[in-house]
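The values are calculated or read from the model by the stated rules, or taken from the named source; none is laboratory data. Quick caveat: nothing in here was measured; it's all calculated off a predicted structure. Positions of Cβ are backbone-derived with ideal geometry, glycine not excepted, and every protein chain shown enters the neighbour counts. Just so you know, the surface numbers come from the protein's heavy atoms only, side chains and all, with ligands and any DNA or RNA stripped out. Shrake-Rupley method; radii C 1.70, N 1.55, O 1.52, S 1.80 Å.
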Amino acid sequence: MQEKPTYILAIESSCDDTAAAILKNNKVLSNIVARQAVHEEYGGVVPELASRAHQQNIVPVIDVALKKAGVNREELSAVAFTQGPGLMGSLLVGSSFAKSMAMALDVPLIAVNHMQAHILAHFIEEEGFDMPEFPFLAMTISGGHTQIVKVTDYFTMEVIGETTDDAVGEAFDKSAKILGLPYPGGPLIDKYAQEGNPKAFPFTKPKVPGLNFSFSGLKTQILYFIQKKTEENPNFVAENLHDICASIQYTIINILMDKIKLAVKETGIKQIAIGGGVSANSGIRKTLKEAEKKYGWKTFIPKFEYTTDNAAMIGIVGYHKFLKHEFNDASVVSKARIEL
Ligand code: KG4
Ligand code: ZN
């Protein structure tokens, strides 16, 4: 007899995207994200506005996810949600909804760590995408985090390097802001960089020992550089936008690559998986693929829709926790900060 499939409803609301997904075992049936445009004019996420938008979006987003998957509420095996890390007001909207829904349907509730989810997104079954084998190195690069993690099992993860100040996504976004670009500026830097010369303006890399990162110095360096150049020529940014973006991106990629190389050297692990919003960056994707040939690595880059915040990645963690019967009761609390 064929085993009954597991249907997971997953909810992600840690920052400014309201997302819901339905998974059938390790496959994604639907993956819906409502992006919040409201933050653009403020140059960053405004927590109060994010919580309010989550409240507006959550019911329709879940509705669409169920409809698109062709799954009835009654068929759900469990409800998974992001417990943290993230903005408290945003997390509370998702967790409260998940709790009520699990209770109403009388199915298990599963709390998921957002950072674990960025890593386990590689275990979503997708045509054309290989899954890493344990052990592997995961580099999570997002707007909130920059970590190198040694992953020995689905739930055995050790952070071996992390940022001591800004996250790499912040380095992209804050640099973009200095250039007068709207939030989030990472994708725009990526876009303009594609037509620029990466060696036009050499920026220096920070000297951080071991596997840790620092990005705040680079941001200050870029700020002073732009201020000085704009004093000399008020049109400097407009006239050199592509080259500036390419140079910033090149420096950031070099910083990341130096640390991955060191992590490979220190651990002897040659499988590298990236995750988080910044792994959507075309320069990083290209550089990693080149490194594969150059250094004999095997690299794993998630499908585009699983790089930035999404609920499918919450669902895959939910699925593996479901298999282990790792459930939470309704007293589980959201956490703005949470260890891996
Ligand atoms: O994982 P994510 O969606 O949210 C967090 O958990 O932070 O990551 C968002 C970050 C933002 O900083 C955004 O600028 C950056 O990912 N990002 C990119 C690209 N696409 C998104 N940065 C560089 N190049 C991109 N193509
Ligand atoms: Zn994220």
(message) Show me, for segment 56-71, the HN-Hα J-couplings you get by feeding each phi into the Karplus relation (A = 6.51, B = -1.76, C = 1.60, θ = phi - 60°), rounded to Hz, glycine and proline as x.
(response) 6, 8, 4, 5, x, 5, 5, 4, 5, 4, 5, 4, 4, 7, x, 10
(message) Along its three principal axes, how long is the chain when you only count alpha carbons? Whole Å, largest extent first please.
(response) 70, 45, 32
(request) Please list, or write none, the aspartates and glutamates whose alpha carbon is within less than 20 Å of the alpha carbon of Lys67, excluding same-chain residues fewer than 8 places away. (result) Glu12, Asp17, Glu75, Glu305
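Per the Cauchy relation, a quarter of the hull surface: what is the mean projected area of the convex hull of the alpha carbons in segment 26-129, in nm²?
7.5
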(message) Probe radius 1.4 Å, ligands and nucleic acids left out: which of Tyr224, Tyr154, Tyr306 has the largest accessible area, and how do the rest follow?
(response) Tyr224, Tyr154, Tyr306
(request) Just add up the charged neighbours of Leu87: K/R +1, D/E -1, any other residue whose Cβ is under 14 Å from the Cβ of Leu87. (result) -2
(message) With every protein chain kept in place and ligands, DNA and RNA left out, what is the accessible area per residue of the chain? Probe 1.4 Å, answer in Å².
(response) 46
(request) Can you tell me how much longer the chain between Thr230 and Asn72 gets when fully stretched, taken as 0.36 nm per residue apart minus their C-alpha distance, in nm with one decimal? (result) 51.1 nm
(message) Give me a comma-separated list of calculated 3J(HN,Hα) values for segment 145-151, in order, Karplus coefficients 6.51, -1.76, 1.60 applied at θ = phi - 60°, integers in Hz, x for any Gly or Pro.
(response) 9, 9, 9, 10, 10, 8, 10
(message) Distance cut-off 21 Å, Cα to Cα: go down the list Lys259/Lys286; Lys207/Lys293; Lys174/Lys270; Lys191/Lys298 and report the pairs above it.
(response) Lys207/Lys293; Lys174/Lys270; Lys191/Lys298
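Give the Kirkwood hydrodynamic radius (Å, one decimal) of segment 130-301, defined as one over the mean of 1/r across all pairs of different Cα atoms.
Working: mean 1/r = 0.0608 Å⁻¹.
Result for segment 130-301 stands at 16.5 Å.
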(request) Find out how many positive minus negative residues lie around Gly161, taking Lys and Arg as positive, Asp and Glu as negative, among other residues whose Cβ is under 14 Å from that of Gly161. (result) -1
(message) Using the basic label-point model (7 angstrom from Cα toward the beta carbon), what is the Glu127 to Ser216 distance in nanometres?
(response) 4.9
(request) May I ask for the net charge around Lys4, where only other residues with Cβ less than 12 Å from the Cβ of Lys4 are counted and Lys, Arg are +1 while Asp, Glu are -1? (result) -1
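Would you mind telling me the share, in percent, of accessible area of segment 130-301 contributed by carbon and sulfur at probe 1.4 angstrom? Before the final figure, lay out each step's value.
Working: 4140 of 7950 Å².
Carbon-and-sulfur percentage of accessible area, whole number: 52.
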(message) Testing the spin-label approximation: label points 7 Å from Cα along Cα→Cβ at Gln194 and Thr152. State their distance in nm.
(response) 4.2
(request) For Ser331 paired with Glu290, estimate the spin-label separation in nm (one decimal), with each label point 7 Å from Cα along the Cα-to-Cβ line. (result) 5.5
(message) Using only the alpha-carbon atoms, how far is helix 312-323 inclined from the longest principal axis of the chain? Give it as 0 to 90 degrees, nearest 10.
(response) 40
(request) Give me the angle, in degrees from 0 to 90, between the Cα long axis of helix 88-105 and the longest principal axis of the Cα atoms of the chain, rounded to the nearest 10. (result) 20
(request) Name the residues whose placed amide hydrogens come within less than 5 Å of the amide hydrogen of Leu29, ignoring near sequence neighbours (fewer than 5 apart) on the same chain. (result) Ile22, Leu23, Lys24
(message) How would segment 235-285 be classified by its alpha-carbon gyration tensor: rounded, prolate or oblate, with rounded meaning a/c under 1.5 and the a/b versus b/c comparison settling the rest?
(response) prolate
(message) How tilted is helix 236-267 with respect to the longest principal axis of the chain? Cα atoms for both, answer in degrees (0 to 90, nearest 10).
(response) 60
(request) Show the residues, 5+ positions off or on another chain, whose built amide H is closer than 5 Å to the amide H of Gly43. (result) Tyr183
(request) Please report the relative contact order for the chain, taking Cα pairs under 8 Å with a sequence separation of at least 6, and give it as a percent rounded to a whole number. (result) 24
